[in-house]
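For reference, the structure is listed below as structure tokens.
The values are calculated or read from the model by the stated rules, or taken from the named source; none is laboratory data. Predicted, not measured: the structure shown is a model, and the values here were computed from it. Note that each Cβ is placed from the backbone with ideal geometry, even for glycine, and that neighbours are counted across all protein chains shown. These accessible areas exclude ligands, DNA and RNA; they are computed on the full protein's heavy atoms, side chains included. Shrake-Rupley method; radii C 1.70, N 1.55, O 1.52, S 1.80 Å.
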Amino acid sequence: MVNLLQFDRGALGDWCEQQGEQAFRATQLFRWIHQRGERDFTAMSNLARSFRDKLAASAEVVALPIASEQVAEDGTIKWLFDVGAGDAVETVFIPETGRGTLCISSQAGCAVNCRFCATGHQGFSRNLTTAEIVAQLWHAEFELRRRLGLREGERAITNVVMMGMGEPLQNYGNVVPALRTMLDDHGYGLSRRRVTVSTSGVVPMIDRLRDDCPVALAVSLHAPDDALRDELVPLNRKYPIAELLASARRYLERAPRDFITIEYCMLDGVNDSPAQAEALLALLRGDGSADRPGLSCKVNLIPFNPFAASGLNRSPDARVGAFAAVLQEGGIVTTVRKTRGDDIAAACGQLAGEVQDRTRVAERRARAALPVRVAPPTSHRTGAGVASGRRT
Ligand code: SAH
Ligand code: SF4
């Protein structure tokens, strides 16, 4: 049985042809799955009976088993999906006025091992398949449409950010077809600017993404110099800051009116001093020379979500404010990410709850019943308006 969530539309066309069907049938099938959320082939009324029978015999549309669901006071929802062998991945829905953002995972664990990241501390387990990446969106979109009572054509998810668990550019082959499905007019129809890949800086893959599928790019910088970044993001030893920013500039050549989002996690006494803000400003603004060309970017300061094993603390608000002011006065648009879903430890990109969550998954599985906290009715239209610093 093949899970059809695995295929972007091109691959689904190839698969249909292998089944002896014409390629345009793939578009009809794709629309049933990704625009209507249909998994029952018998309900796909514009497909020939013979094709539906073939589908029923050889294919399926399967979501991921839900290990738990939590709904925060502010409407943020965190799903923990069971991906087998004791691994779980997290997907977070963040409702805001006029839009709904889904933060999705690309790997179980992560090999980059950033100092401040709970996912990194778990180590790397495995890459998610394309089906497992798309299944997070498929589940969230159609589950939310039902809960919110949306009419046909109305969308629950307007933005996707790959800021959950894992380094998406270290799972390139599976991530790109998932991105294509998100962008496809016959799929989720999200515009290029409403899908963001966040990366710790896998330089060669930034170049490939530019050529293959240039969605919005966020770069997790976290330090203004190589000595500190080597410590915080070990991948920096392979791809130092100058190379990373050069690849970000090349990325923008494909979309000159775009900008790169620079993510910077604020760590008390580590990377948050006024001098470091000045150094970051100089790095990003440059001086127009060939050596220091600067970068068209916005900065998103992320309050660190602490967890015991990190030995690190969140910068005090005043220090975050002062850091932001230096950048802003220097002419760089800077936002401080509002933490969301604090009561369920679910704010996007703040996966400190994950380590405990995985343990709880094991316990729950052992009890053979997976309790799900009952969701109160929630609507992203009534969610508090929060500037998250992400483009719309
Ligand atoms: N691997 C990719 C995407 C997933 S992490 C990347 O690193 O960009 C998404 C964002 O969350 C990154 O900017 C990451 O630095 C940030 N992050 C990770 N752990 C965090 C923590 N404990 N508190 C705040 N932000 C964190
Ligand atoms: Fe991996 Fe991103 Fe966490 Fe670093 S911050 S360990 S790259 S998930």
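Look at the Cα gyration tensor of the stretch 1-159: its axes a ≥ b ≥ c give a/c of at least 1.5 with a/b at or below b/c, and that counts as oblate. Note on Asn313 and Asp230: with the Förster distance fixed at 25 Å, the Cβ-Cβ geometry gives a FRET efficiency of about 0.75. Helix 49-58 and the longest principal axis of the C-alpha atoms of the chain enclose an angle of approximately 60°.
Each of Met205, Leu137, Thr27 was scored by the projection of its Cα onto the charge dipole of the chain, and the greatest displacement toward the positive side belongs to Thr27; charges sit on the C-beta of Lys, Arg, Asp and Glu. Evaluated with a Cβ-only charge set (Lys, Arg +1; Asp, Glu -1), the stretch 127-207 carries a dipole of roughly 300 debye about its Cα centre, given to the nearest 20. Under 13 Å from a label point set 7 Å out along the Cα-to-Cβ vector of Asp342, the amide N atoms of the stretch 56-88 belong to 73-74.
Ignoring lysines fewer than eight residues from Lys338 along the same chain, the ones with Cα atoms less than 22 angstrom from its Cα are Lys78, Lys298.
Each Lys and Arg Cβ is given +1 and each Asp and Glu Cβ -1; about its Cα centre, the chain then shows a dipole of about 780 debye.
If I compute solvent accessible area with a 1.4 Å probe over the protein chains, what percent of it on the stretch 264-329 is carbon and sulfur? That fraction is 51 percent. Here r is the Cβ-Cβ distance between Ala275 and Arg147 and R0 is 56 Å; the resulting FRET efficiency, rounded to 0.05, is 0.70.
What does the charge dipole of the stretch 50-197 about its Cα centre add up to, to the nearest 20 debye, if the Cβ of each Lys and Arg holds +1 and the Cβ of each Asp and Glu holds -1? Using only the charged Cβ atoms, the result is roughly 360 debye. For the chain, report the % of Cα-Cα distances exceeding 28 Å. Above the 28 Å cut-off, the chain has 47 percent of its Cα pairs.
Set the Förster radius R0 to 25 Å, insert the Cβ-Cβ distance between Glu329 and Asp291 as r into 1/(1 + (r/R0)^6), and round the FRET efficiency to 0.05. Walk me through the numbers on the way to the answer.
On the way: r = 24 Å, r/R0 = 0.95.
So the FRET efficiency works out to roughly 0.55.
With protein chains left intact and a 1.4 Å probe, residues in the stretch 1-63 average 49 Å² of accessible area per residue. Placing a label point 7 Å from the Cα of Arg249 along the Cα-to-Cβ direction, the residues of the stretch 295-318 with a backbone N closer than 11 Å are 295-296. For the pair the stretch 219-290 and the stretch 42-110, the centres of their Cα atoms are 34 angstrom apart.
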